[in-house]
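Let me begin by presenting the structure, written as C-alpha cells, before commenting on it.
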Amino acid sequence: EIFLLMLIPGLDLLRVSITRLINKKNMFDGDRIHIHHILLDRFGYLNTILIVQTIIILPLLTSFFTKNILLSILLGIFLYLPILPIYLTSKINN
C-alpha cells in the first residue's frame, strides 16, 4: 500500500525532473509544473483536492478489496494518464 500511495507523486517527480533536464533548468529551483500546481491553476482548490484524493484513494481501495497489487498499480497509472492532457494543454496555452 505504501508503494501505491507514493506511485502518483513519484511519477510526477520523475516527469518534473525529466522536464527540467530537457529544459536545462536547475533541479532544485521552484516552479509550477508539478501536477498539483497545474490542477490548482486549472480547477481551483476544492476540485483539486477531490481529484488528488480520488487518484490516490481509488488504487488503495482496489488493493484492499482485490488483494491484487498489479491491478492496483495499473489502476493508479490509468488514473494518472488523463491528467497528462491537462499538463500539455496548460503548456501550450502559456
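Numerical summary
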{"quantity": "Residue among Ile38, Ile22, Ile18 that is surrounded by 11 or more Cβ atoms within 10 Å (Cβ to Cβ) and out of contact with any strand residue (DSSP E or B) (no Cβ under 6 Å at 6 or more places or on another chain)", "calculated": "Ile38"}
{"quantity": "Condition met for Ile56 (in contact with a helix residue (DSSP H, G or I) (Cβ under 8 Å, 6 or more places away or on another chain), closer than 23 Å to Ile77 by Cα and at pLDDT below 85)", "calculated": "yes"}
{"quantity": "Pairs with Cβ under 8 Å, 6+ apart, first in the range 26-43 and more than 20 Å from Ile77 (Cβ to Cβ), second outside any helix (DSSP H, G or I) and open to solvent by 60 Å² or more (accessible area, probe 1.4 Å)", "calculated": "Asp31/Lys25; Asp41/Arg32"}
{"quantity": "Checking Ile69 against (1) over 15 Å from the mean Cα position of the chain (by Cα); (2) aliphatic (A, V, I, L, M); (3) modelled with pLDDT of 75 or more, the condition it does not meet", "calculated": "(3)"}
{"quantity": "Lone qualifier among Ile8, Ile51 - being in contact (Cβ under 8 Å) with a residue 60 or more places away in the chain and under 25 Å from Lys67 (Cα atoms)", "calculated": "Ile8"}
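The values are calculated or read from the model by the stated rules, or taken from the named source; none is laboratory data. Bear in mind the structure is a predicted one, so any value in this text is a computation, not a measurement. Heads up, the Cβs are rebuilt from the backbone with ideal geometry, glycines too, and the neighbour counts pull from every protein chain shown. When the accessible area is computed, the model is the full protein with side chains, heavy atoms only, and any ligands, DNA or RNA have been set aside. Shrake-Rupley method; radii C 1.70, N 1.55, O 1.52, S 1.80 Å.
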